[in-house]
1. Compute the Cα gyration tensor for the range 23-108, then decide on rounded, prolate or oblate, letting a ≥ b ≥ c be the square roots of its eigenvalues: rounded whenever a/c is under 1.5, prolate when a/b is larger than b/c in the other cases, and oblate in all that remain.
2. Treat every Asp and Glu Cβ in the range 3-85 as -1 and every Lys and Arg Cβ as +1, leave all other atoms uncharged, and give the resulting dipole magnitude about the Cα centre to the nearest 20 debye.
3. Which entry in [x] -0.96, -1.18; [y] -0.69, -1.09; [z] -0.77, -1.00 is this structure's computed log10 I(q)/I(0) by the Debye sum over Cα atoms at q = 0.13, 0.16 Å⁻¹?
4. Remind me, relative contact order of the range 3-85 in percent, using alpha carbon pairs under 8 angstrom and six or more residues apart?
5. How much length is gained if the chain between LEU135 and GLN122 is pulled fully straight, taking 0.36 nm per residue apart and subtracting their Cα-Cα distance, in nm to one decimal?
6. Would you mind computing, in nm to one decimal, how far apart the modelled labels at ILE21 and ALA209 are, each placed 7 Å from Cα along Cα→Cβ?
7. Given the Cα-Cα distance of ARG195 and TYR157 and 0.36 nm per residue of separation, how much length would full extension add, in nm?
8. Using only alpha carbon pairs under 8 Å that are at least six residues apart, calculate the relative contact order of the range 1-142 and give it in whole percent.
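A short reminder: the numbers here are calculations on the coordinates, not readings from a lab. Quick caveat: nothing in here was measured; it's all calculated off a predicted structure. Reconstructed Cβ throughout: ideal geometry from the backbone, glycine too, with neighbour counts over all protein chains shown.
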Amino acid sequence: MDRREIAALLAYIGRLDPRTIRTDQGEARDQLAQWHDLLGDVPMATLHGWDARVAARQHIRVSPYQVLPADIARPWESYRRDRLGRHTDPTPSVDPDDQAAWTAELVGTRRAVATGSAQPAQYRALTSGRINPALEARLREVGSCIPPEARAALARYRPARAAREAAVAQGQPDALRVRCDWCQAQVGEPCRRRRIGPDGGARGTAPRATPHPCRLDLAASRQAQESAQVQQPAMV
């Protein structure tokens with residue numbers, strides 16, 4: 001706010017709380033200079049929700065004490081923090097190799113959001129609505145969000161997952177959909193190999209690329225039971 005806006009704000013406050021009025025010309029000049037020094041970087045109003053007069057009126061309405069510059073500055077700082085907390089930096093439109101222009105655009109966008117001249121840019125939230133039919137068809141065509149070439153390249157780094165996918169592709173039961181009774185691996189976790197020390201105690205475990213045989217048998221039994229349950233109504 002410039003000095004004229006500070007004077008207008010003090011006049012507005014004086015109408016609501018006459019205790020802030022200074023009748024002496026020297027005191028009024030000192031009050032104007034003090035408020036300008038403390039609130040010079042606070043705008044009178046912005047396009048998006050900030051108004052210094054509203055902050056002053058709220059303080060006068062709920063507090064028995066006279067309005068001080070801090071009673072205007074505190075709500076302004078809260079307003080700035082809230083807007084910056086809800087802002088996610090959009091990708092600048094300039095050449096990313098131009099570091100100075102890239103930084104300048106980011107800083108300018110943040111300053112515009114903080115000062116209330118622009119709305120915060122937020123990521124779109126995930127929704128539970130129906131998927132676009134065109135996207136559903138594309139997913140059915142692709143089959144996976146990971147391309148086959150990338151999946152093959154990752155197989156050496158994910159042996160347990162690669163073995164699981166190969167077994168399912170061959171029509172074998174998915175062993176990781178059941179709990180392993182041998183190593184106590186939970187559903188979705190690979191089986192682990194126990195390392196036994198000379199004293200007979202377990203010294204550690206390491207993940208196995210293939211599940212234990214008992215887990216495979218349990219998965220096959222579960223798959224057979226589910227298939228029987230599906231076929232039973234058709235036979236009836």
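1. In terms of gyration-tensor shape, prolate.
2. 240
3. Of the listed options [x] -0.96, -1.18; [y] -0.69, -1.09; [z] -0.77, -1.00, [x] comes from this structure.
4. Working: 59 pairs, mean separation 24.2, N = 83.
RCO, the range 3-85: 29 percent.
5. Gain on stretching LEU135 to GLN122: 2.3 nm.
6. Label-label distance for ILE21 and ALA209, simple model: 9.0 nm.
7. Working it through step by step, the gained length comes to 11.5 nm.
8. So the answer I get is 21 percent.
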